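Participant: One structure is given below, represented as structure tokens, and several questions about it will come after.
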Amino acid sequence: MLVDKNSGYSCGWLALLGIIGIGFMFLLVSPLIMVNPSQEKQSEAKQYTGSMNRAQQNYFLEKSNFTNNIGELGLGISTETTNYTYSTSATILSSINYGVSRQSDLKSYVGGVFLGDAEETGELTTFAILCETKDKGTNRPPAPIVEDGRLQCAPGTESLSGGDQEVFFGEDGKLVYISANYAKAGKYNQALDTVETITEEGFKAKALQIIATELVAAGESEQALRVTRNISDDSIKSKTIQAIVPYLTTATEHEQAIQVAKTMTDYQPKTKALDAILRRLVATGNPERAVQIAQTIQSYYGGKEKAMAAIEGYKRLQ
């Protein structure tokens with residue numbers, strides 16, 4: 001029987017070469033399979049900011065407005081973690097959600113949910129976008145912008161919502177933003193003229209709400225109430241009255257607000273608006289008129305006695 005004396009030696013070399021080859025392949029592949037610590041930390045902010053976007057969309061579906069309170073979104077998100085600070089800012093037309101880095105070696109994130117209309121149907125809806133800063137650092141990123149009817153990330157950030165994806169706003173959606181810009185610039189007649197060209201009632205109501213709040217902030221309470229009277233959606237009209245009420249100072253303004261509130265047919269938003277006016281009457285030293293209003297909406301408080309008790313409670317808060 002012939003035996004190859006070099007066979008064991010050859011097999012050993014082959015085994016060694018195999019091990020070296022495997023090690024070399026591992027060195028090539030390991031950077032791909034190792035988790036980058038920065039990316040792992042950033043994934044938290046990316047997930048949380050995206051969750052705030054989706055929660056604001058759900059909140060709008062339920063409440064017809066956005067919220068400034070993260071707690072109201074029901075996500076259980078802490079506003080501050082080791083690496084990020086989270087916040088949300090809401091207006092009538094949008095919600096901006098931030099995940100701002102607390103570390104110089106991490107990127108920050110900003111999400112936006114904007115009110116618009118679907119191009120295909122013209123129906124009132126919300127659009128969301130999620131953006132990441134191009135550079136690392138602790139500065140708060142700029143909010144997404146609406147430009148030429150399109151929603152996009154601001155300079156210095158890039159979209160994570162599908163590359164450079166831009167969302168198109170239909171004609172009514174663009175008109176709402178145009179009227180809002182006029183109102184913010186104090187050009188109220190141009191803003192109202194623009195509203196007249198809006199065909200969808202929900203958008204028209206939102207545009208009038210913006211104009212009314214801008215007017216009252218400029219000290220034009222009576223004109224703000226006249227604009228509010230033309231809002232067809234009772235829920236939006238009620239929210240607008242509640243936003244205006246803290247600015248009312250004269251008996252004439254209070255009575256005008258009461259008359260606008262009485263134009264609503266939906267009981268719940270109507271009573272909420274009247275309750276806000278009632279509180280303001282108490283705060284400005286007119287509890288007698290507050291009692292008269294309370295008597296017309298006794299069931300809102302659970303009866304006459306509870307209505308009177310509510311007024312006494314409002315007095316103690318002053």
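Participant: Where in region 245-318 are there helices (runs of 4 or more DSSP H), lying fully within it, with 1 or more residues that are among the polar types (S, T, N, Q) and closer than 21 Å to Gln223 by Cα?
Facilitator: It comes to 251-261.
Participant: I would also like to ask the following. Are there any pairs, at least 6 apart or on different chains, whose C-beta atoms fall under 6 Å, with the first in region 40-52 and outside the structural domain of Ala128 (by TED's automatic domain parsing) and the second among the basic types (Lys, Arg), and if so, which?
Facilitator: Listed pairs, sorted by first residue: none to list.
Participant: What about Ile77, is it within 25 Å of Asp233 (Cβ to Cβ), in contact with a helix residue (DSSP H, G or I) (Cβ under 9 Å, 6 or more places away or on another chain) and of a type in the set (A, V, I, L, M)?
Facilitator: Here the answer is no, as Ile77 does not meet what is asked.
Participant: Quick check, is Met264 among the aliphatic types (A, V, I, L, M) and under 29 Å from Ala207 (Cα atoms)?
Facilitator: When the stated conditions are applied, Met264 passes them.
Participant: Among the strands (runs of 3 or more DSSP E) confined wholly to region 118-175, which include 1 or more residues that are at pLDDT below 90 and among the basic types (Lys, Arg)?
Facilitator: Numbers: elements: 124-133, 145-147, 150-152, 157-159.
Correct list: 150-152.
Participant: Continuing with this model, one more query. Whether any residue in region 44-54 is surrounded by 11 or more Cβ atoms within 10 Å (Cβ to Cβ) and modelled with pLDDT under 85 is what I want to check.
Facilitator: Taking every residue of region 44-54 in turn, none turns out to be surrounded by 11 or more Cβ atoms within 10 Å (Cβ to Cβ) and modelled with pLDDT under 85.
The values are calculated or read from the model by the stated rules, or taken from the named source; none is laboratory data. If you're wondering where the values come from, they're calculated on a predicted model, not measured in any experiment. Here Cβ is always computed from backbone atoms with ideal geometry, including for glycine, and neighbour counts include all displayed protein chains.
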